[in-house]
Number of protein chains: 2
Amino acid sequence: MSNTQSNEIEVSLLSSEEIRTRIRASQYDAHTSGLAPGKLQCNLAILPEQYALDFLRFCQRNPKPCPVVGVGDTGNPMLPTLGRDIDIRTDVPRYRVFRNGRFVEEVTDISSLWTDKLVTIALGCSFTFENALIRANIPVRHIEMGRNVPMFRTNIALSSAGPFFGNMVVTMRPLREEQIEKAKVISAKYPQAHGAPIGMGDPSSIGISDLSQPDYGDPVEVKPGEVPVYWACGVTPQNVLRAAKLPLCITHAPGHMLITDVPEDAETTIY
Amino acid sequence: MSNTQSNEIEVSLLSSEEIRTRIRASQYDAHTSGLAPGKLQCNLAILPEQYALDFLRFCQRNPKPCPVVGVGDTGNPMLPTLGRDIDIRTDVPRYRVFRNGRFVEEVTDISSLWTDKLVTIALGCSFTFENALIRANIPVRHIEMGRNVPMFRTNIALSSAGPFFGNMVVTMRPLREEQIEKAKVISAKYPQAHGAPIGMGDPSSIGISDLSQPDYGDPVEVKPGEVPVYWACGVTPQNVLRAAKLPLCITHAPGHMLITDVPEDAETTIY
């Protein structure tokens, strides 16, 4: 496909590699929901090597909110296990830069920030199992409404590692009673995208005071006959990273994920 | 249960914690196959912290042979995510000590070798899916014969990380054609115990010259109408560790695993 042709085609029809090429060329910097269907999308954490071992330990101990799907070599911006020619400095639509736990800026390229001491860690995201739910005719309310998923801080304590600790953040999707078992079975097939729900029902049992007021994202209604179902959320590691007040930490901007070449349903997330 | 009572009972009837107590007290140092049914058993790698990040990267990139199920804090011998009061210095029946890649000794206690710079990494093992196969009435030849599983070096190159590289080692179990699909589905449910087979059939296609001469373990016959089926093997990380010639590395002795309190079929390997 020539560049001229590809520029005429909706980005939603492009392959994962074609989309990354556009992102790298500063031709696309919007959110990635629905793009490159069937390909794994990732949350992103870039941090100095001295914190990487503890962060990997933290993720290993909290695999539901923090499923590691790729780890770069120290100082190397390429991620060959996640796709062809992925350069993490340029191939994500938008990045957020934190210094000492404080948000500094949102950028579309981190080449000027990259050093030979940085390590990239890619984490699974819930886009994967949402696609699988929809394929199984289980509607996902916030997607139907064109909204961001509602996310809530909980009182579920995480297993700590070094400077990394905190409570789990969850997403909520309302389901009818008869859809729940199927949704459980389907999402459990994607352990690298948060897996099965961590709970359902009474929000106060996990420290959520008001389902109509999410801490992040947009509210969605839980209708009569529906049960709120909670999944571990990729905002968890982002909060934990921020609270650890690392001298430098770079994440993706919410919704602006790394699009890999790995099939969503791959047994292992290795390209 | 009093100590007196427990000493009279076959070790095979004891709980995971009771068996570890016996091991710690130097009352048991034999292999762990068949013990504490339903509880996850682990391969073991203990190495200096400076190599732990690369080793975790290596495992993340090669999850089939190297499924990480637990990582200790640096210098801390306790593994709280894998069970109650697990002290890795004393709770494994037999350890092997390697220095600069050379086998030095086999011991039943590593307390005198432990330092505040060591990191424990526990890896899933094939006992888990073998138990599931047997429950599903798929016989496992080497278990029926009371032998160790046959293991073979292959020409399947692993994804490297730092000083860690090499080829995959596989186990072989002969299955009848009609058992294969079921065995695939069952073992795929245990990604933290090597998951689905990595291949089957012609051994020369993965660099095995003679199935009757395994590189490790005991030979088992592939009978007429049977197909040799290959699974990734936990000897892989052991070989890779040895080839990396670390100044110090401690593993379990083959078959003498860490018995955890985590159920084999747990969605996540966190106690």
Go through the residues of segment A:1-14 one by one and say whether even a single one is out of contact with any Ser or Thr (no Cβ under 9 Å at 6 or more places or on another chain) and either touching a residue at least 40 places away in the same chain (Cβ under 8 Å) or assigned to a strand (DSSP E or B) (or both). no
task: Kindly indicate whether any position in segment A:172-192 is in a helix (DSSP H, G or I) and closer than 20 Å to A:LEU241 by Cβ.
output: yes
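For segment A:81-88, does any single residue satisfy the condition of being within 10 Å of chain B (Cβ to nearest Cβ), under 20 Å from A:MET257 (Cβ atoms) and in contact with a strand residue (DSSP E or B) (Cβ under 7 Å, 6 or more places away or on another chain)? Before you say what the answer is, go through the steps one by one.
Our first condition is that a residue be within 10 Å of chain B (Cβ to nearest Cβ); within segment A:81-88, this holds for A:81.
Filter once more, keeping what is under 20 Å from A:MET257 (Cβ atoms): A:81.
Then drop every residue that is not in contact with a strand residue (DSSP E or B) (Cβ under 7 Å, 6 or more places away or on another chain), which leaves A:81.
The answer is yes; a qualifying residue exists.
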Of A:LEU56, A:LEU44, A:LEU40, A:LEU82, the only residue that is in contact with an Asp or Glu (Cβ under 6 Å, 6 or more places away or on another chain), surrounded by 24 or more Cβ atoms within 10 Å (Cβ to Cβ) and outside the structural domain of A:ARG153 (by TED's automatic domain parsing) is A:LEU40
Scanning segment B:219-271 residue by residue, the ones that are in contact with a His (Cβ under 6 Å, 6 or more places away or on another chain), surrounded by 21 or more Cβ atoms within 10 Å (Cβ to Cβ) and of a type outside the set (A, V, I, L, M) total 2
Out of curiosity, is B:ALA161 surrounded by 14 or more Cβ atoms within 10 Å (Cβ to Cβ), within 18 Å of the chain's Cα centre (by Cα) and aliphatic (A, V, I, L, M)?
no
Taking segment A:193-207 and keeping only residues that are farther than 26 Å from A:HIS256 by Cβ and within 22 Å of the chain's Cα centre (by Cα), one is left with A:ALA196, A:GLY199, A:MET200, A:ILE206
Checked A:PRO139, A:PRO93 against criteria (modelled with pLDDT of 95 or more, assigned to a loop (DSSP other than H, G, I, E, B), away from every other protein chain (no Cβ under 14 Å) and out of contact with any Lys or Arg (no Cβ under 9 Å at 6 or more places or on another chain)); the one match is A:PRO93
Going through (1) surrounded by 15 or more Cβ atoms within 10 Å (Cβ to Cβ); (2) within 14 Å of chain A (Cβ to nearest Cβ) one by one, B:TYR28 fails only at (2)
Picked from segment A:142-158 (must be assigned to a loop (DSSP other than H, G, I, E, B) and not hydrophobic (A, V, I, L, M, F, W, C)), the residue surrounded by the fewest Cβ atoms within 10 Å (Cβ to Cβ) is A:GLY146
So, first residue at positive phi in segment B:150-164, second residue not in a loop (DSSP other than H, G, I, E, B), Cβ within less than 6 Å, six or more apart or across chains; the pairs are B:GLY162/B:ASP54
- Task: With respect to B:ALA196, determine if the residue is surrounded by 15 or more Cβ atoms within 10 Å (Cβ to Cβ), within 14 Å of another protein chain (Cβ to nearest Cβ), of a type in the set (Gly, Ala, Ser) and free of Cβ contacts under 8 Å to residues at least 40 places away in the same chain.
- Result: yes
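The values are calculated or read from the model by the stated rules, or taken from the named source; none is laboratory data. It should be emphasised that the depicted structure is a prediction, and the values quoted were computed from it without experimental measurement. We place every Cβ from the backbone using ideal geometry, glycine too, and count neighbours over all the protein chains shown.
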